[in-house]
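Asker: I have a structure here, written as structure tokens, and I will follow up with some questions on it.
The values are calculated or read from the model by the stated rules, or taken from the named source; none is laboratory data. If you're wondering where the values come from, they're calculated on a predicted model, not measured in any experiment. Note that each Cβ is placed from the backbone with ideal geometry, even for glycine, and that neighbours are counted across all protein chains shown.
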Amino acid sequence: MKITDIKTYLMQVGPRPGVPAKDGSFRGSRNWLFLKVETDEGVTGIGECSGWPRVIERAVEDLATILKGEDPRDIDRLWQRMYVATMGHGMTGTVGGGALTGIEMALWDIKGKVLGQPVWNLLGGKFRDTIPCYGHAKSTKRARELMDRGYSAVKVGFTGAVDLDLVAAIRDEIGPDADLMVDAHGPSWMTAADAILVGRELEQLDLLFYEDPVAPENLDALQRVRDAVNVPLAAGERVSTIYGIRPYIERDLVDVIQPDTGRAGGITQMRKMAAMAESHYITLAPHSGSLGPVAEFAALHVMATVPNALMLERVEFDWEGRAEVVSPALSSTNGALRVPDAPGLGVELVEEEIAKYPSQRNVTDMPETDGAYEPGTVGECVYFQSRLRRGTRLRLKRTGD
Ligand SMILES: [Mg+2]
């Protein structure tokens, strides 16, 4: 069996033209990139790449030139060949990681189809038939909707400002038995000292984890938070490969690793990360905030097969097109997704639906909604603007305390 071609499917994710975005739906700049590896025997495999999809599409085209003629069943060897081929570009990063991921995922899909087995059965068999998920809430109303759908875990994201009152209100809404998480999104304006102060407030709210309390490349700051706060920590969504996740695990900086199934390097890299984490009693909760539906299937196969799978992130209320661009579409029951049983990944692209949403833009402007970009001012370097705006961002005391 030989690889004959790799086709890519890049799409814009967001509201249809002229249709207002639903509450919580993706807007603007998000892209999904799917690919299909074709073979001379007619078997095809699909994968998904996150990281920077519009850029990764070209990386996939480049990598295809060294894969044509290769046997798609030699998954690990071909991964190494691709990895070495990108070495001259510097570290792999999440763009290279995204390209390797989508291709490797498709090779597993092919192998499963050839052998007539779901990918999980080629990875050692499964521990579980369903994978628990957690949803996102920025209001008590949304948290209640998740609970009503059967979820028992909710994550609150800080966007723009720390809001301890909101976290406390959602804890009250979901009750003491549900899991609650906070994602600070690793803002550099939050110093280690800030993150510690926030973390100490969060100690009272019985969190499952406190995610990216500081900028993820600032591992020494994360160490300070680790040493000072008695809340489980989570990180890892912005790194790829075992080499990227290694310091988080080896330094015991976190309790939960969160590799992104679309850019971590592939199914085997995810399993290796999980094994590294297992040896440190660290659990795995893959990031899925920007992923499309194919990577979600891959996450289910990985999580079915590792002992230390915690739960999968799921944007339960996102864009309605998610369910239309693949078949079958996943839907949660009682806050969990069923592990697929069909050969391979168990999902196929609906190409005519994907074609309705051509990519237009894949970069976000300033996350601000108020001041936008302000050249020559304190707003110029948003990533480091920090202390001057702390007062508006960092509400350390809950109202009534
Ligand atoms: Mg996150």
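Asker: For residues that are surrounded by fewer than 21 Cβ atoms within 10 Å (Cβ to Cβ) and over 21 Å from residue 79 (Cα atoms), scanning just the stretch 230-246, find the one that is nearest to the ligand (Cβ to nearest atom).
Answerer: Looking at residues that are surrounded by fewer than 21 Cβ atoms within 10 Å (Cβ to Cβ) and over 21 Å from residue 79 (Cα atoms), I get 232.
Asker: What's the number of the condition residue 141 fails, among (1) in contact (Cβ under 8 Å) with a residue 60 or more places away in the chain; (2) more than 20 Å from the chain's Cα centre (by Cα)?
Answerer: (1)
Asker: To continue, here is another question. Condition check: buried (at least 21 other Cβ atoms within 10 Å of the Cβ) and either within 16 Å of the ligand (Cβ to nearest atom) or charged (D, E, K, R) (or both). Does residue 284 satisfy that?
Answerer: Spelling it out, residue 284 is indeed buried (at least 21 other Cβ atoms within 10 Å of the Cβ) and either within 16 Å of the ligand (Cβ to nearest atom) or charged (D, E, K, R) (or both).
Asker: Answer yes or no: is there a residue in the stretch 308-329 that is within 22 Å of residue 113 (Cβ to Cβ), among the hydrophobic types (A, V, I, L, M, F, W, C), under 15 Å from the mean Cα position of the chain (by Cα) and buried (at least 17 other Cβ atoms within 10 Å of the Cβ).
Answerer: So far as the stretch 308-329 goes, no, none of its residues is within 22 Å of residue 113 (Cβ to Cβ), among the hydrophobic types (A, V, I, L, M, F, W, C), under 15 Å from the mean Cα position of the chain (by Cα) and buried (at least 17 other Cβ atoms within 10 Å of the Cβ).
Asker: Follow-up question, since we're still on this one. Quick check on my filter: what residues within the stretch 184-229 are of a type in the set (D, E, K, R), surrounded by fewer than 19 Cβ atoms within 10 Å (Cβ to Cβ) and away from the ligand (no atom under 16 Å from the Cβ)?
Answerer: Listed by number, the residues that qualify are 200, 203, 206, 220, 224, 227.
Asker: Show me the helices (runs of 4 or more DSSP H) found entirely inside the stretch 67-166 where at least 2 residues are of a type outside the set (A, V, I, L, M), under 22 Å from residue 305 (Cβ atoms) and at pLDDT 95 or above.
Answerer: Where helices (runs of 4 or more DSSP H) fall fully within the stretch 67-166 and carry at least 2 residues being of a type outside the set (A, V, I, L, M), under 22 Å from residue 305 (Cβ atoms) and at pLDDT 95 or above, they are 75-85, 93-115, 119-122.
Asker: In the stretch 182-206, how many are at pLDDT 95 or above, in contact with a Phe, Trp or Tyr (Cβ under 7 Å, 6 or more places away or on another chain) and on the phi > 0 side of the Ramachandran plot?
Answerer: 0
Asker: Ok, one more. Identify all residues within the stretch 166-183 that are in contact with a helix residue (DSSP H, G or I) (Cβ under 7 Å, 6 or more places away or on another chain) and within 16 Å of the ligand (Cβ to nearest atom); write none if there are none.
Answerer: Answer for the stretch 166-183, where residues must be in contact with a helix residue (DSSP H, G or I) (Cβ under 7 Å, 6 or more places away or on another chain) and within 16 Å of the ligand (Cβ to nearest atom): 167, 180, 182.
Asker: Still on this structure: Quickly run through the stretch 54-85 and pick out the residues that are within 25 Å of residue 245 (Cα to Cα) and either without any contact (Cβ under 8 Å) to a residue 24 or more places away in the chain or aromatic (Phe, Trp, Tyr) (or both).
Answerer: 74, 77, 79, 80, 81, 82, 83, 84, 85
Asker: Count, please, the residues in the stretch 40-66 that happen to be among the polar types (S, T, N, Q) and not in a strand (DSSP E or B).
Answerer: 2
Asker: Looking at (1) within 16 Å of the ligand (Cβ to nearest atom); (2) of a type outside the set (D, E, K, R); (3) surrounded by 23 or more Cβ atoms within 10 Å (Cβ to Cβ), which is the only condition residue 301 fails?
Answerer: Status for residue 301: all satisfied but (1).
Asker: A follow-up question, please. Going through the stretch 307-362 one residue at a time, which ones are on the phi > 0 side of the Ramachandran plot and part of a loop (DSSP other than H, G, I, E, B)?
Answerer: Matches in the stretch 307-362: 334, 335, 346.
Asker: Hey, among 54, 58, 73, which residue is basic (Lys, Arg) and closer than 25 Å to residue 113 by Cα?
Answerer: 73
Asker: Tell me, please, whether a residue that is of a type in the set (Asp, Glu), at pLDDT 95 or above and more than 22 Å from residue 80 (Cα to Cα) can be found in the stretch 36-52.
Answerer: The answer is yes; a qualifying residue exists.
Asker: Let me ask something additional. Among the residues of the stretch 138-157, which ones are away from the ligand (no atom under 16 Å from the Cβ) and in contact with a Gly (Cβ under 9 Å, 6 or more places away or on another chain)?
Answerer: 142, 143, 145, 146, 147, 149, 150, 151, 152
Asker: Go through (1) assigned to a loop (DSSP other than H, G, I, E, B); (2) closer than 27 Å to residue 328 by Cα; (3) not aliphatic (A, V, I, L, M) one by one and return the number of the condition residue 281 breaks.
Answerer: Tallying (1) assigned to a loop (DSSP other than H, G, I, E, B); (2) closer than 27 Å to residue 328 by Cα; (3) not aliphatic (A, V, I, L, M), residue 281 fails exactly one: (2).
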